[in-house]
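Following: one structure in structure tokens, then a few remarks.
The values are calculated or read from the model by the stated rules, or taken from the named source; none is laboratory data. Every value quoted in this text rests on a predicted model; they were computed, and no experiment measured them. Reconstructed Cβ throughout: ideal geometry from the backbone, glycine too, with neighbour counts over all protein chains shown. Calculation scope for accessible area: heavy atoms of the full protein, side chains included, ligands and nucleic acids excluded. Shrake-Rupley method; radii C 1.70, N 1.55, O 1.52, S 1.80 Å.
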Amino acid sequence: MNTPFWQETAPAATRREQRKQEFREKIMEASIQLFEKNGCDATTLEEICEQAEVSRPTFYSYYPSKNDLIKALAEKLWLNAATNFTALFIAENQSTQDYIRSFFEMTQQQLSRYDGLERDLIRQSMAGDPSDNSNMNMLSGLTSMFETVYRAGQKRGDVSSHYDTDFLAEMSMGVISTTMMKWAVDENYPIDKRLKQLSDFIVDTLSI
């Protein structure tokens with residue numbers, strides 16, 4: 001059975017840290033269940049605390065607000081899961097083409113597993129405060145992740161040196177972001193087909 005994405009992967013070093021980790025995971029799990037059922041906007045902080053069986057002061061010791069919890073969920077879902085997946089691929093020195101195909105397979109599995117939550121998190125980010133840097137930080141983190149993969153691919157010889165790796169990474173994130181935003185607002189968007197096309201498109205682009 002796969003570990004849910006919101007759970008910590010590293011074991012806590014002390015009993016106190018373990019307790020903090022347990023509370024954080026309880027809050028994450030409760031919010032996921034409620035957000036999937038009712039949506040982010042309709043879910044209240046009181047409902048999250050009741051579902052997680054924690055007090056408001058305990059909640060605030062981990063997340064200053066519900067919006068901060070939503071940002072943490074999005075970061076766990078998009079950035080942490082992707083970077084852990086990428087680190088494993090780089091360590092195994094697999095081809096860039098295999099990485100791209102596996103990355104989109106993983107994305108498809110995540111979307112199937114957390115369909116409602118993912119849509120809501122993307123819509124929340126689209127409606128967020130433009131001055132809030134958290135979304136840009138996440139986008140920058142994912143772009144940097146792709147650039148690392150492409151740089152390793154150029155050294156290995158399976159990524160063309162015709163374009164700089166930073167440009168390739170930015171273009172990859174551009175088409176991925178556009179696809180995800182369209183899926184978030186269109187219930188009938190053919191996401192499975194688009195993810196397969198994206199995988200093929202990026203693989204072909206890397207060989208130009």
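Collect the residues in the range 157-208 that are under 30 Å from L117 (Cβ atoms) and among the acidic types (D, E), keeping them in residue-number order.
E170, D186, E187, D192, D200, listed by residue number.
Return a yes/no flag: does the range 68-81 have any residue that is of a type in the set (F, W, Y), in a loop (DSSP other than H, G, I, E, B) and open to solvent by 20 Å² or more (accessible area, probe 1.4 Å).
Quick first cut of the range 68-81, residues of a type in the set (F, W, Y) only: 78.
Of the ones still in play, those that are also in a loop (DSSP other than H, G, I, E, B) are none.
Scanning the range 68-81 turns up no residue that is of a type in the set (F, W, Y), in a loop (DSSP other than H, G, I, E, B) and open to solvent by 20 Å² or more (accessible area, probe 1.4 Å).
Of all residues in the range 103-137, count the ones that are open to solvent by 30 Å² or more (accessible area, probe 1.4 Å) and either in a helix (DSSP H, G or I) or modelled with pLDDT of 80 or more (or both). If you could, list the steps in order and put the result at the bottom.
Filtering the range 103-137 for residues open to solvent by 30 Å² or more (accessible area, probe 1.4 Å) gives 105-106, 108-110, 112-113, 115, 123-137.
Imposing the further condition that a residue be either in a helix (DSSP H, G or I) or modelled with pLDDT of 80 or more (or both) reduces the set to 105-106, 108-110, 112-113, 115, 123-126, 134-137.
Adding up the residues that qualify gives 16.
Hey, T14 hits all of (1) of a type in the set (V, I, T); (2) over 17 Å from the mean Cα position of the chain (by Cα); (3) within 21 Å of E118 (Cβ to Cβ); (4) open to solvent by 20 Å² or more (accessible area, probe 1.4 Å) but one; which does it fall short on?
Of everything listed in (1) of a type in the set (V, I, T); (2) over 17 Å from the mean Cα position of the chain (by Cα); (3) within 21 Å of E118 (Cβ to Cβ); (4) open to solvent by 20 Å² or more (accessible area, probe 1.4 Å), T14 misses just condition (3).
Can you pull out every residue in the range 44-85 that is under 24 Å from I202 (Cα atoms) and without any contact (Cβ under 8 Å) to a residue 24 or more places away in the chain?
Selection gives F85 alone.
What number of residues in the range 37-61 are part of a loop (DSSP other than H, G, I, E, B), modelled with pLDDT under 90 and open to solvent by 50 Å² or more (accessible area, probe 1.4 Å)?
Matching residues across the range 37-61 total 2.
Quick check: is even one residue across the range 191-208 touching a Phe, Trp or Tyr at 6+ places or on another chain (Cβ under 9 Å), surrounded by fewer than 16 Cβ atoms within 10 Å (Cβ to Cβ) and hydrophobic (A, V, I, L, M, F, W, C)?
Let us first name the residues in the range 191-208 that are touching a Phe, Trp or Tyr at 6+ places or on another chain (Cβ under 9 Å), namely 191, 194-196, 198-199, 202, 205-206, 208.
This time we only want the ones that are surrounded by fewer than 16 Cβ atoms within 10 Å (Cβ to Cβ), so: 196, 208.
Going one step further and asking which of them are hydrophobic (A, V, I, L, M, F, W, C), we end up with 208.
Looking for residues that are touching a Phe, Trp or Tyr at 6+ places or on another chain (Cβ under 9 Å), surrounded by fewer than 16 Cβ atoms within 10 Å (Cβ to Cβ) and hydrophobic (A, V, I, L, M, F, W, C), one finds at least one in the range 191-208, hence yes.
Scan the range 86-104 for residues that are touching a residue at least 12 places away in the same chain (Cβ under 8 Å) and closer than 20 Å to F201 by Cβ and jot them down.
T86, F89, S95, T96, Q97, Y99, I100, R101, S102, F103, F104
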